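Asker: Mind having a look at this structure? Questions to follow.
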């Protein structure tokens, strides 16, 4: 009888009813009474720090005052004028680091106004109303703009340009529009297909045509877009996960966290989605938390999230870290992956090493003169599945070939998103110097749309 390690990656670890319960809305919407009470806590500051902290400059006191007045439609309009994806941002924006972090109620009551939940309350009410569309298009200009990428940046840009009367063609590599909102976020943050409902609301404005399964891969394609359209906006996002650069990275059972999350988001029956009994997630950002928590919710017995620095350096917010720990994820600090260990002969013959991951060996780190330095100690965590969440890169050789100026591998632009190529703008995660936040991507798209409109008005 063989005693060889047997990987345990399989679907159906839970009862049928458990999946719906575990992946239900992580932050249920406020009731009308709850929203009114919370809105009354707002001091409606004249020089509101919360509005300044919002990357899209939503007039926070104004929309909350309208909720207090029971004018949800007016409240939603205030939000969506600044952020056309305000419903999704209300669900996923790290408000605890932005608007709520600077709320004056923090100093008075040690508890900010629940700005994000109030924003969701207003936008959801509009989306579910008999007449959800509150915007109209300006007179047709005859101008055509190509938007590459149907993520938050591209959709925000398309919406703003369509409102100005332009015709917008949106090209996206995926079957569905939405980008990160559709494929890259934990499903418990966006239940009930909200990402697509929001996209449909946005498209109902008119003037926007989506072309799916279209990928920008050649300079010839880009040249054609620049020739056929009056302006081009690139909202490409990031497509390639950074490599760990350690032995064993290509073993069976090792995969990118973003691919795991995308597969989960598109899975109609979560009981069919395989997950390891023991999962190790390498990384310290929001993607790492989403992958780790969802692995646990799918039935993984142990889930370890491992980061090479200390807790103060994690890019995942404190609230996200607490959420991970609440859901049974163990977070380890000061550990850098050294080797992914495999057991030979357990996968298909002819698959190279033919090995499945069985453990990850980490080197313990310490800060010495401000530099991460191995201490000489190691730690081994057993794993059937390893998810890499160490950041992404643009990974598109076309951009350099086309002559774009790049900065740290991303597209360099001016403050309004214009690139060094005439008539081409860029925004979202593909634009250099950003925070890699959904709400910032929306602002990039908005800024670029205003700049493109001004450019076309001069033409």
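Asker: Can you tell me, using C-alpha contacts under 8 Å and at least 6 residues apart, the relative contact order of segment 27-127 as a whole percent?
Answerer: 34
Asker: Provide the packing ranking of 402-414, 189-201, 425-437, 377-389, i.e. peptides ordered by the mean count of other C-beta atoms within 10 Å per residue, highest first.
Answerer: Packing proxy ranking, top to bottom: 425-437, 377-389, 189-201, 402-414.
Asker: For Rg/Rh (Cα atoms, Kirkwood Rh), which listed value, (i) 1.18; (ii) 0.99; (iii) 1.01, comes from the coordinates shown?
Answerer: Evaluating Rg/Rh (Cα atoms, Kirkwood Rh) on these atoms matches (ii).
Asker: Compute the projected area of the convex hull of the Cα atoms of segment 29-171, averaged over all viewing directions, and report it in nm² to one decimal place.
Answerer: For segment 29-171, the mean projected area of the Cα convex hull comes to 9.3 nm².
Asker: Which FRET efficiency, nearest 0.05, do residue 69 and residue 27 yield, Cβ-Cβ r, R0 30 Å?
Answerer: Once rounded, the FRET efficiency stands at 0.80.
Asker: For the Cα atoms of the chain, what angle does the longest principal axis make with the long axis of helix 115-127, in degrees from 0 to 90, nearest 10?
Answerer: Result, in degrees: 60.
Asker: Percent antiparallel among DSSP beta bridges with both residues in the chain, to the nearest 5?
Answerer: 40
Asker: Give the residues of segment 64-107 whose amide nitrogen is closer than 16 Å to a point set 7 Å from the Cα of residue 37 in the direction of its Cβ.
Answerer: 68
Asker: For the ranges 174-183, 35-44, what's the packing order if you count other beta-carbon atoms within 10 Å of each residue, average per peptide, and put the highest first?
Answerer: Final packing ranking: 174-183, 35-44.
Asker: Over all pairs of distinct alpha carbons, what does the Kirkwood formula give as the hydrodynamic radius of segment 108-222, in Å?
Answerer: Roughly 15.8 Å, rounded to one decimal.
Asker: In addition: Could you work out how far apart the two model spin labels at residue 249 and residue 406 are, taking each label as a point 7 Å from the Cα in the direction of the beta carbon, and quote it in nm?
Answerer: Placing both labels 7 Å along Cα→Cβ, they lie 1.7 nm apart.
Asker: 7 Å from Cα along Cα→Cβ at both residue 57 and residue 128: what's the point-to-point distance in nm?
Answerer: That separation, rounded to one decimal, is 3.2 nm.
Asker: Using a Förster distance of 56 angstrom, determine the FRET efficiency expected from the C-beta separation of residue 301 and residue 368, and round it to 0.05.
Answerer: Once the sixth-power term is evaluated, E becomes 0.95.
Asker: Continuing with the same structure: How long are the semi-axes of the equivalent ellipsoid of segment 242-391, taking √(5λ) for every eigenvalue λ of the Cα gyration tensor, in whole Å from largest down?
Answerer: 24, 21, 12
Asker: Given labels modelled 7 Å from the Cα in the Cβ direction, how far is it in nm from residue 224 to residue 382?
Answerer: 5.4
Asker: What do you get for Rg/Rh over segment 1-74 if you use C-alpha atoms and the Kirkwood form of Rh?
Answerer: Result: Rg/Rh = 1.38.
Asker: To continue, here is another question. Pull out the extension gain between residue 435 and residue 46, defined as 0.36 nm times the separation in residues minus the alpha carbon to alpha carbon distance; nm, one decimal.
Answerer: Here the segment from residue 435 to residue 46 would lengthen by 137.3 nm.
Just so you know, all these numbers are worked out from the coordinates, no wet-lab data involved. In this text, all values refer to a predicted model and were calculated from it rather than measured experimentally. Ideal geometry is used to build each Cβ from the backbone, glycine not excepted, and the neighbour counts take in all protein chains shown.
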